[in-house]
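**Student:** My structure is below; once you've seen it, I'll send some questions.
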Amino acid sequence: RELLSSDAMKDYNRARVYLDENYKSQEHFTALGSFYFLHESLKNIYQFDFKAKKYKKVTGKEIYSDTLESTPMLEKEKFPQDYFPECKWSRKGFIRTRWCITDCAFDLVNIHLFHDASNLIAWESSPSVYSGIRHKALGYVLDRIIDQRFEKVSYFVFGDFNFRLDAKAVVETLCAKATMQTIRAADTNEVVKLIFRESDNDRKVMLQLEKKLFDYFNQDVFRDNNGTALLEFDRELSVFKDRLYELDISFPPSYPYSEDSSQGKQYMNTRCPAWCDRILMSHSAKELILKSENDEKIVLYDHIGPNVCMGDHKPVFLSFRIAAGAGKPIANVHKCCVVQ
């Protein structure tokens, strides 16, 4: 409410805020939230009512919280427990809204996919078992938003995908000349720690790997040139190349940053840094954002607050212009203006 009434947002005269706060419901709670602020320069904005199956003009500022199940202006779903059974309290899922601006209709889908529960398990195979779980969940969402219930439109999918680098390939590359020591629990013989040491140089420790520890001796490799050297290990999206498009990444891995307010650039030694936070789109949406007046391509895909502590994730943004009428061949001219 402070944000909605702040001086900085005074030119955004319409808003829709959706917060899933139904934390007592193990079956439905996702902890997701989507905030939409609409600038006064946008004259005709319509939002889709999924129950009535028609668009309604957006006026005023409205906040929806608690269960969200009561509003027909969105679709919300939590992934089934059997997708990630080892995490009893998983809150992963998605929220979908549909909008129409200048005769251009598109879905905005806020998503949260499953994390890596253990660095040691993630390291065991390539691709990891967790990668497969995320693949299944994302495929489910994409199938859901293009099913037969509603007309197909362009879509943007954004949020914490929890995409990780191929852990096995990364470790083998970072520690190519190292020797590995395996430490097991005395009672179960289970592997609890891997230590990679340089073969010479006084057997200096390069990497220590535990369930929730990824302690590499030189963090600069993740920051230099925005971590570009590691993008080749960012492979999870390749499975969806026929369905999803992403602009080139030119920012460093967005997770896991230190939550110490004095260490805005420092990564925590809990996970291998990765581009968890992304903004992806359908191929028709790609055409939409790259098709602007006079071929003026003003598109930015970047992160926010590179030097400031903003929690363990750095926010990622996509900024673009939509030319009036650009969506007509894609959105099949919804004639939004005649819908009440």
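**Student:** Where a Cα-Cα gap under 22 Å defines reach, which lysines qualify for K211, not counting those fewer than 8 residues away within the same chain?
**Tutor:** Counting by Cα, and skipping residues close in sequence, K211 has these lysines nearby: K88, K92, K168, K193.
**Student:** With charges set only on the Cβ (+1 for Lys and Arg, -1 for Asp and Glu), what does the dipole of region 139-236 come to about its Cα centre, in debye to the nearest 20?
**Tutor:** 180 debye
**Student:** Expressed in nm to one decimal, what extension gain is obtained for the pair S118 and F320 from 0.36 nm per residue of sequence separation less their Cα-Cα distance? All intermediate terms of the calculation are to be shown ahead of the outcome.
**Tutor:** Values: separation 202, 0.36 × 202 = 72.72 nm, distance 3.72 nm.
Gain on extension, S118 to F320, equals 69.0 nm.
**Student:** By a straight-distance test (C-alpha under 17 Å), which aspartates and glutamates pair with K10 as possible cross-link partners, with residues fewer than eight away in the same chain excluded?
**Tutor:** Within the straight-line cut-off, K10 pairs with E2, E40, E62.
**Student:** Excluding residues fewer than 8 places away in the same chain, name every one of the aspartates and glutamates whose C-alpha is closer than 14 Å to that of K177.
**Tutor:** Result set, ordered by chain and number: E198, D200, D202.
**Student:** Right, here's the next one. So for I45, I101, what's the accessible-area order with a 1.4 Å probe, most first? Could you put the intermediate results ahead of the total?
**Tutor:** Working: I45 0, I101 30 Å².
Correct descending sequence by accessible area is I101, I45.
**Student:** Over region 28-129, what lengths in whole Å, largest first, do the semi-axes of the equivalent ellipsoid take, defined as the square roots of 5 times the eigenvalues of the alpha-carbon gyration tensor?
**Tutor:** Values: eigenvalues 240, 48, 28 Å².
Calculated on Cα positions only, the semi-axes equal 35, 15, 12 Å.
**Student:** Apply 1/(1 + (r/R0)^6) to the Cβ-Cβ distance of E232 and Q148, taking R0 = 35 Å, and write down the FRET efficiency to the nearest 0.05. Show your work: numbers first, answer last.
**Tutor:** On the way: r = 38 Å, r/R0 = 1.09.
Approximately 0.35, to the nearest 0.05.
**Student:** Can you give the extra length, in nm with one decimal, that the chain gains between T179 and E2 once fully stretched, where that is 0.36 nm per residue apart less the Cα-Cα distance? It would help to have the intermediate numbers written out before the result.
**Tutor:** On the way: separation 177, 0.36 × 177 = 63.72 nm, distance 5.46 nm.
The T179-E2 span can extend by a further 58.3 nm.
**Student:** In region 212-244, whose amide N lies under 17 Å from the spot 7 Å out along Cα-to-Cβ of V205? List them in ranges.
**Tutor:** Output list for this probe position: 212-219.
**Student:** Another question, then. For region 98-154, what is the relative contact order in percent, using Cα pairs closer than 8 Å and at least 6 residues apart in sequence?
**Tutor:** Values: 32 pairs, mean separation 17.8, N = 57.
Value for region 98-154: 31 percent.
**Student:** Then there is this: First check a/c for region 164-246, with a ≥ b ≥ c the square roots of the eigenvalues of its C-alpha gyration tensor; if it is under 1.5, answer rounded, and if not, answer prolate when a/b is larger than b/c or oblate otherwise. Before the final figure, lay out each step's value.
**Tutor:** Working: a/c = 2.85, a/b = 1.54, b/c = 1.85.
Note, shape of region 164-246 comes out oblate.
**Student:** Continuing with this model, one more query. Treating only the Cβ of Lys, Arg, Asp and Glu as charged (+1, +1, -1, -1), what charge dipole size does the chain show about its Cα centre? Round to the nearest 20 debye.
**Tutor:** 1020 debye
**Student:** Which order do E210, E232, E75, E40 take when ranked by solvent-accessible area (1.4 Å probe, heavy atoms of all protein chains), largest first? Display every interim value, and only then the final one.
**Tutor:** Numbers: E210 60, E232 120, E75 25, E40 85 Å².
Final ranking, largest accessible area leading: E232, E40, E210, E75.
**Student:** Give me the one-decimal nm value for the distance between modelled label points at H283 and S261, 7 Å along each residue's Cα-to-Cβ direction.
**Tutor:** 4.9 nm
**Student:** Just checking my list (1) -0.56, -0.68, -1.09; (2) -0.64, -0.75, -1.07; (3) -0.46, -0.57, -1.01 against log10 I(q)/I(0) by the Debye sum over Cα atoms at q = 0.09, 0.10, 0.13 Å⁻¹ computed from this structure; which label fits?
**Tutor:** (1)
**Student:** Follow-up question, since we're still on this one. Could you compute how much accessible surface D202 exposes when probed at 1.4 Å, giving the result in Å² to the nearest 10?
**Tutor:** 150 Å²
The values are calculated or read from the model by the stated rules, or taken from the named source; none is laboratory data. Keep in mind that what you see is a predicted model, and the values were worked out from it rather than measured. We place every Cβ from the backbone using ideal geometry, glycine too, and count neighbours over all the protein chains shown. Accessible surface areas use protein heavy atoms only, side chains included; no ligands, DNA or RNA. Shrake-Rupley method; radii C 1.70, N 1.55, O 1.52, S 1.80 Å.
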